[in-house]
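K.L.:
I'd like to ask some things about the structure below.
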Amino acid sequence: MLLALYGMMNKKMKGNYSFGTYAQQINRTYTWIKSNQNNDGGFPAFDKDKNDDQYKLIKFIFKITKIDKSAEIFDPSCADIVGHILEGMG
């Protein structure tokens, strides 16, 4: 979507002063999305690089208290989110 939007704007607004502003915003958005990518290549729902392997002790404690499945605590890459992001980027 970002690339398609950029392409449409490039055709319609070439030479227009506001095109540069929109192009900068699209580039900033793309950079921000890429900065949220996990080290394994996927995208999390909430926090970057917050997966099960880093929090083994905390995961054990939370398993005892029955809250070990909370997405806010452990946020691995999710195929659904990766699909939406790839679709949005075009």
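Read-outs: derived from the displayed coordinates by stated rules, not from any lab. Predicted model only: the values in this text are computed from it and were never measured. A quick note on method: Cβ atoms are made from the backbone with ideal geometry, for glycine too, and the neighbour counts reach across all protein chains shown.
K.L.:
Using a cut-off of 15 Å between beta-carbons, work out the net charge of the residues near residue 89 (Lys and Arg +1, Asp and Glu -1, residue 89 not included).
P.N.:
Neighbourhood net charge equals +1.
K.L.:
Sorting check: for 60-66, 78-84, which peptide has the highest mean count of neighbouring beta carbons within 10 Å, and how do the rest follow?
P.N.:
Those peptides, ordered most packed to least, come out 78-84, 60-66.
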